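Let me begin by presenting the structure, written as structure tokens, before commenting on it.
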Amino acid sequence: MKEEKKEKKLITSPMKAIRAFCVECCGGSAHEVSLCPAKECQLYEFRFGKNPYRSKREMSEEQKAAASERLRLAREKKNANQVDTD
Ligand code: SF4
């Protein structure tokens, strides 16, 4: 029963894959990942699932509005496809 609850989550990005790898490397402990002493490891700087070399994207209000509209349309399209398959 417990094993059913511990089903592996779907990994959807390379950063999440690195994070999952590091957690597994540390015996399943996220805390141990934060204490990892292996600074020479190629994944060390990415062990928290974030890319430290990537700056946060700054968007103007117009860009935010355009992105919001694209997202709304994509959701509508996705929902319409789900209704068709049900
Ligand atoms: S950085 Fe390397 S050694 Fe440290 S937890 Fe991740 S994979 Fe393991």
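What follows is calculated from the coordinates using simple rules that are stated; it is not laboratory data. No experiment lies behind these values; they were computed from the predicted model shown. Heads up, the Cβs are rebuilt from the backbone with ideal geometry, glycines too, and the neighbour counts pull from every protein chain shown.
Brief remarks on what is shown
- In a residue-by-residue description of the stretch 72-81, the property of being of a type in the set (A, V, I, L, M, F, W, C), within 14 Å of the ligand (Cβ to nearest atom) and not in a loop (DSSP other than H, G, I, E, B) applies to no position.
- Note on the stretch 31-63: residues that are near the ligand (Cβ under 10 Å from one of its atoms) and among the small types (G, A, S) total 2.
- Which listed residue, of V83, V33, is of a type in the set (V, I, T), within 28 Å of A17 (Cα to Cα) and out of contact with any Leu (no Cβ under 8 Å at 6 or more places or on another chain): V33
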